[in-house]
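A.B. asks: Got a structure for you, questions after.
The values are calculated or read from the model by the stated rules, or taken from the named source; none is laboratory data. Predicted, not measured: the structure shown is a model, and the values here were computed from it. All Cβ positions, glycine included, derive from the backbone under ideal geometry; neighbour counts span all protein chains shown. The protein model used for the area step is the full one, side chains on, heavy atoms only, and it has no ligands, DNA or RNA in it. Shrake-Rupley method; radii C 1.70, N 1.55, O 1.52, S 1.80 Å.
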Amino acid sequence: MSQPERNGTAATPLMQGIEALLFVADAPLSAEALAVLWERAYGTRPEVGEIEQAIAALNDVYEQTGRVFRIYRWGGGFRLATVAFVSPLLQCYKQQETKLSQTLLETLAIIAYRQPITKPEIDHIRGVNSDYAIRRLQELELIEVKGRSDTIGRPLLYGTTQRFLEHFGLNSLDDLPELPELQQLLENPEVQREHLRLLYPLDPEQNEASE
């Protein structure tokens, strides 16, 4: 079977393998790590120099074909990442994607200060059902299940994650603002209007969709 071509030049299996590994990797991979993975899969181990040559060839292809990504040396290894000029665009998308509504901020604040805390306790403090907020915060990886309570029914206990600290620029939970700021949040007129909207929705399905 013939190899697919990159800008008129056949891409080698090694180039394809490196590209695939860097595409799925969550962290930078060194040339040595890439060689070890190749050996485990195919039984032969490429030299470090061959790995680096294949990476250079891939970057040439990306540049010549106008791709928005390159393979960079990163943290002692190699990583596939976008070029600098698209960074502002990606930042705008990221900010939009992770923007938190008043409902989510309120629920997150309660969990952050009272953790570990159960859903019934969150519902009691907020005065409304928190199913949607808890589910969405889990999807955003800002909270996670920490265990189960010893109370009747053994409800799940929720707490914040490492991503929560990163999102708000905190080194640890000790850096959280003082509790009066949480009280100010709960007394915010926008939050109070949200309470009323959730307590007396016109259409339950429409209510959840709008959140």
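A.B. asks: Could you please give the count of residues in the stretch 143-155 that are charged (D, E, K, R) and without any contact (Cβ under 8 Å) to a residue 12 or more places away in the chain?
C.D. replies: Summing the residues that are charged (D, E, K, R) and without any contact (Cβ under 8 Å) to a residue 12 or more places away in the chain in the stretch 143-155 gives 3.
A.B. asks: Would you say LEU80 is in a strand (DSSP E or B) and in contact (Cβ under 8 Å) with a residue 60 or more places away in the chain?
C.D. replies: Yes; evaluated as a whole, the condition is true for this residue.
A.B. asks: Another one. For the stretch 22-58, give me each residue that is among the aromatic types (Phe, Trp, Tyr) and closer than 27 Å to VAL68 by Cβ.
C.D. replies: PHE23, TRP38
A.B. asks: Further question: Find the residue count for the stretch 13-66, including only residues that are in contact (Cβ under 8 Å) with a residue 24 or more places away in the chain and surrounded by 14 or more Cβ atoms within 10 Å (Cβ to Cβ).
C.D. replies: Within the stretch 13-66, residues that are in contact (Cβ under 8 Å) with a residue 24 or more places away in the chain and surrounded by 14 or more Cβ atoms within 10 Å (Cβ to Cβ) number 22.
A.B. asks: Conditions first: (1) open to solvent by 70 Å² or more (accessible area, probe 1.4 Å); (2) within 18 Å of LEU157 (Cβ to Cβ); (3) at pLDDT below 90; (4) not acidic (Asp, Glu). CYS92 passes all but one, so which condition is the exception?
C.D. replies: All conditions pass for CYS92, except number (2).
A.B. asks: Can you name every residue in the stretch 120-146 that is in a helix (DSSP H, G or I), under 22 Å from the mean Cα position of the chain (by Cα) and surrounded by 15 or more Cβ atoms within 10 Å (Cβ to Cβ)?
C.D. replies: Correct list: TYR132, ALA133, ILE134, ARG136, LEU137.
A.B. asks: Here's a follow-up. Looking at the stretch 143-158, which of its residues are touching a Ser or Thr at 6+ places or on another chain (Cβ under 8 Å), of a type outside the set (Val, Ile, Thr) and more than 21 Å from PHE168 (Cα to Cα)?
C.D. replies: SER149, PRO155, LEU156, LEU157
A.B. asks: For the stretch 67-84, how many residues meet the condition of being hydrophobic (A, V, I, L, M, F, W, C), touching a Leu at 6+ places or on another chain (Cβ under 9 Å) and open to solvent by 60 Å² or more (accessible area, probe 1.4 Å)?
C.D. replies: Number of matching residues: 1.
Each row is one residue, and each column tells you yes or no for (1) closer than 20 Å to LEU173 by Cα; (2) without any contact (Cβ under 8 Å) to a residue 40 or more places away in the chain.
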{"site": "THR107", "(1), (2)": "yes, yes"}
{"site": "ALA112", "(1), (2)": "yes, no"}
{"site": "GLN115", "(1), (2)": "yes, no"}
{"site": "THR118", "(1), (2)": "yes, no"}
{"site": "VAL128", "(1), (2)": "no, no"}
{"site": "ALA133", "(1), (2)": "no, no"}
{"site": "GLU141", "(1), (2)": "yes, yes"}
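A.B. asks: For the stretch 2-15, state whether one or more residues are in a loop (DSSP other than H, G, I, E, B), within 28 Å of the chain's Cα centre (by Cα), modelled with pLDDT under 95 and of a type outside the set (A, V, I, L, M).
C.D. replies: no
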